[in-house]
Every structure is written in C-alpha cells, then in structure tokens.
Amino acid sequence: MSVPLLRPFPGLRPTSLTASQVAAPPYDVLSSDEAREMALGKPHSFLHVSKPEIDLPPGTDVYAPAVYAKAAENLKAMAAAGVLVRDAKPCFYVYRLKMGSHVQTGIVGGGSVAAYDANRIRKHEFTRPDKEDDRVRQIDACDAQTGPVLLAHRDTPELAAVIKAVTAAPPAYSVTAADGIVHTLWVMDNEAQIQTVTRSFDAMEAVYIADGHHRSAAASRVAAARRQGNADGACESFLVVTFPIHEMKIFDYNRVVKDLGGLTSQAFLKALDSEFTVEPSPEQARPAHSRQFGLYIEGRWYRLGIKNPPPADPVARLDVSLLSDRLLGPVLGIHDLRKDKRVDFVGGKRGLSELERRVDSGEMACAFALFPTQMEDLVAVADSNQVMPPKSTWFEPKLADGLVSYPLDWR
C-alpha cells in the first residue's frame, strides 16, 4: 500500500502552557555556545533536544555518541514530565509564521519518503555526508524527527478553504520568539478536513524542498534501514511544513571577497567592462531587479548591470550563477564557492550595512549585493533535476524547533 504524499500523524508537542518555554530556533542557526547561553535557566527549551551538547561539558564533540544519547534522554524526560504530550490520533497541523507584515500559513504533516526517493518531493541542493550522518544519528537516537523540513507547494482552492476554516478557531498556542517572529499552531483533527488535505496533496505532481535537504536525506536513509528490519510504516514519512509558493519569502544571499586577486581597485573596475555596466551610486546599491548587482569597494557603492543576455538554462541564468560565471571566476579567480576561503556569504536579513562593515573593517576587499532568488527560479531548477550553486537562497522567517515532533513508534 502506497503512503500518501502528505499524511497526518500523532504529533509530540508542547501544551498551551509549555509552548513558549519549549519553542526554540532551528538547530542549525546557532553555535553550541549561543545555544548554551540561550537555554540558560530554561530547562524546557527544545535546545536541550536539538543542541544536546549544551548539557555536556564544554568542548564535547558535537558528533559524539553521548550527544545523541543526551538528546534522547532529554526528549523522553520532557514527555515524561508532561512538557510534551502526544496527540491521541493522527492529525495535520496548521502553522502560521508572522514576521512584521509578512504572513505565511502552511500545513504540518508527514511527507512521504517514497515520494522523496522518486523525486516527487524535489530537491535543489547537494547534501554533505557528514551532515546527513548527523541527522540519521539524531533521528535514530530519539526515535523521532524533531527538525521540520520546509517545503513549498502550489496552492489550491481546497487547501486554502481548509486552512481558512481551521484558522477561524482559536489556535492551540501562539509563541512570539526573541526575534519577534510569531509562531502560531492549530490542530486539524477533523476527518473530513484531513481527507481533503490528503487528497489535495496526492493530486499534486510535486512539492519542493525549500530548506532541509539533509533532514530529508537522513529520513530516507532511516526509512531504508528500518524497512530492512521489518519496522512498521511510521518511518515511511518525515516531518515537513509546507507553505504555498506565493506566500514564501526569500532574502538575498550576498557575497564578500577577501582580496582582488592581485588587482588594484582601478584595474578591477576596468576588468568588469566586458560583461557589466558600472555606475557609481550615491547610496547603498540594493538591486532593484534581477540581473542587477551592487558592488561595495573602498567606501563606495556601484551598480552593476549585465551587458549580455543570460542563458536559458535554469541554473546558469540565476543571478548567483551570473555573478560567479562572469565576475568571481574570470576576474577574481574564485571558481569553487564551496571550498574557496577567499569568499564568504552574508544573509540578506543582516542588511547591506553588514557588507559595508566587513569591507570597511579591512576584513574584506569588496562585497556584492544580489537580488533575491525567486521561488519560481527554485522550482525551475528542481523541475530540471539540477542543483543551485551554494548559498543561493536564504528563507525567512524560519520555522521553530519543538512546536511539533514526529515520533517514529506509532502505527
């Protein structure tokens, strides 16, 4: 029997009284030291599960077996204490994120491993084996998936109507995080609504991973291993939160470069002439549209525009690719963004002032501001079975850890 693309599950989640204590930033946006400080005096913070090294001696290898064992111990203790409670029946959940005036509302469910393996849950990034291994060990130790994968789907009137009906009722809880992001969760336990959601996703050709490629790959590996051991079907799905494509927000992912490869600033600007128009800007040169770039060097901003049309290929036409293929590689000799230590990346939420700071401090020689990759660009790359260059997308707002976990021991 095939598993639906998205199916309900009995979530392990905080109560209305403990939700604000439990909710935590995603495990991969904090260092161990930052997590330790944030969780200080907060025994119910989900960081004790997602960053369990904070409960072990400083300097502990984050990949040590003791770390995963501590995650499992802490998760079980929170459930035993009633901080986390499992729902009595399989449910979907409606999850709303509010960041200032931006609002996006999606559905939490179990994404099909079979659909992921068949590329119906589509990827756009490579994964690293060490990061996959880390998530496999975490899932196996906890016997649960505690970090949600962020997906995107094309909205339908049926899904929109269900979400509207569910969100008309009071939520299970609403939490305002330290960064001001509001996380609100509703429980969808109505059978008719569950069937509508299941049917709507089953009718979709594909959904798209926005963030969480390592978590998805790890879930597939766990399912394959447990399948061989005749495990039940719970492991055939993994924790996802999927939002309508048109509601999602991608910020720019900018580049800073340590040196000009032996060129003077004048020679560097001159070298841009063959591929770019170069115009001085009296203000921060935030790109107004695709194919435009901002350059900050020696205390001055410039607007760069490409002279030659972009190619048709969905990867090669991305702004991040155009900058690499026409400037970083041929002019500065930076050909491998994954390995070259001369280049670094700055998420757009930090603003262009962060680019100025890193150049003005002398740490970097120049900075490039990019127009954000668009969701339809991501879809085009995924549909063509290709991958984006490193650091192409920066999604905000980010999901919280701990609001719903997916246990692997239910039937």
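Quote to one decimal, in nm, the extra length available between T167 and N119 on full extension: 0.36 nm per residue of separation minus the C-alpha distance between them. Walk me through the intermediate numbers first.
Numbers: separation 48, 0.36 × 48 = 17.28 nm, distance 3.12 nm.
Value of the extension gain: 14.2 nm.
Ratio of Rg to Rh for region 1-153, alpha carbon only, Kirkwood? Kindly include the intermediate steps, with their values, before the conclusion.
Details: Rg = 16.5 Å, Rh = 17.1 Å.
Taking Rg over the Kirkwood Rh, I get 0.96.
How would you classify region 257-332 from its alpha-carbon gyration tensor, with a ≥ b ≥ c the square roots of the eigenvalues: rounded for a/c under 1.5, else prolate if a/b is greater than b/c, otherwise oblate? Numbers along the way, then the final one.
Details: a/c = 1.93, a/b = 1.30, b/c = 1.48.
Oblate shape, in that a/c is at least 1.5 and b/c is the bigger or equal ratio.
What's the FRET efficiency of V85 with D409 using the Cβ-Cβ distance as r and R₀ = 22 Å, to the nearest 0.05?
Working: r = 15 Å, r/R0 = 0.69.
In this case the efficiency is close to 0.90.
Against the longest principal axis of the chain, how steep is helix 213-228, in degrees 0 to 90 to the nearest 10, with axes from Cα atoms?
On a 0 to 90 degree scale, this one is about 40.
Which of the three applies to region 289-344, rounded, prolate or oblate, going by the alpha-carbon gyration tensor with a ≥ b ≥ c and a/c under 1.5 meaning rounded? Could you put the intermediate results ahead of the total?
Values: a/c = 2.10, a/b = 1.09, b/c = 1.92.
The shape class here is oblate.
What are the extents of the Cα atoms of region 312-411 along their three principal axes, listed from largest to smallest and rounded to whole Å?
Principal axes ranked by extent give 58, 36, 23 Å for the Cα atoms.
Less than 17 Å from a label point 7 Å out along the Cα-to-Cβ axis of E363: which backbone N atoms in region 165-192 qualify, by residue?
From region 165-192, the list is empty.
Given the peptides 56-66, 35-45, 114-124, arrange them by the average over their residues of other C-beta atoms within 10 Å, most packed first. Can you show the working numbers first?
Working: 56-66: 11.5, 35-45: 15.6, 114-124: 18.8.
With the highest mean Cβ count within 10 Å placed first, the list reads 114-124, 35-45, 56-66.
Report the paramagnetic label zone for A267: residues of region 295-324 whose backbone N is under 18 Å from a point 7 Å from Cα along the Cα-to-Cβ axis.
Those under the cut-off are 298.
Taking a threshold of 20 Å on the Cα-Cα distance, which of the pairs K42/K70; K51/K89; K349/K398 fall above it?
Working: K42/K70 16 Å; K51/K89 29 Å; K349/K398 12 Å.
Too far apart for the 20 Å limit: K51/K89.
Rg/Rh for region 251-393 to two decimals, with Rh computed the Kirkwood way over all alpha-carbon pairs. Write down the numbers at each step before the final one.
Working: Rg = 14.2 Å, Rh = 15.2 Å.
Dividing the radius of gyration by the Kirkwood radius yields 0.94.
Which residue, chosen from V29, I139, A206, occupies the Cα position most advanced towards the positive end of the dipole of the chain, where the dipole is computed from +1 (Lys, Arg) and -1 (Asp, Glu) charges on Cβ about the Cα centre?
A206
Would you work out the charge dipole size for region 251-393 about its Cα centre, treating the Cβ of every Lys and Arg as +1 and the Cβ of every Asp and Glu as -1, and quote it to the nearest 20 debye? Numbers along the way, then the final one.
Values: 19 positive and 20 negative charges, 45 e Å.
So the dipole magnitude of region 251-393 works out to roughly 220 debye.
Need the C-alpha centroid separation for region 346-378 versus region 250-313, integer Å.
Answer, in whole Å: 11.
In degrees from 0 to 90, rounded to the nearest 10, what is the angle of the helix 157-167 Cα long axis to the longest principal axis of the chain?
70
Ranked highest first by average number of other Cβ atoms within 10 Å, how do 171-182, 70-81, 264-275 line up? Don't skip to the end; give the middle numbers.
Values: 171-182: 15.8, 70-81: 18.2, 264-275: 13.8.
My ranking of the peptides, most packed first, is 70-81, 171-182, 264-275.
Mind checking the full-extension length gain between K42 and D179? Use 0.36 nm per residue of separation minus the Cα-Cα distance, one decimal, nm. Each step should come with its number before you reach the end.
Numbers: separation 137, 0.36 × 137 = 49.32 nm, distance 1.71 nm.
So the chain would gain 47.6 nm between K42 and D179.
If the convex hull of the alpha-carbon atoms of region 24-85 is projected onto planes in all directions, what is the mean projected area in square nanometres? Spell out each step's value before the answer.
Numbers: hull surface 16.0 nm².
Taking a quarter of the hull surface, the average projection is 4.0 nm².
How far is helix 129-142 tilted, in degrees, relative to the longest principal axis of the Cα atoms in the chain, given as a value from 0 to 90 rounded to the nearest 10?
In the chain, helix 129-142 runs at an angle near 20 degrees to the longest axis.
What FRET efficiency do you get for A192 and V62 if R0 is 56 Å and r is their Cβ-Cβ distance, rounded to the nearest 0.05?
On the way: r = 45 Å, r/R0 = 0.80.
Efficiency at R0 = 56 Å is approximately 0.80.
Each reported figure results from applying straightforward, stated rules to the coordinates on display, with no laboratory input. Just so it is clear, the model here is predicted, and its values are computed rather than measured. Counting neighbours? That spans all protein chains shown, and the Cβs are built from the backbone with ideal geometry, glycine included.
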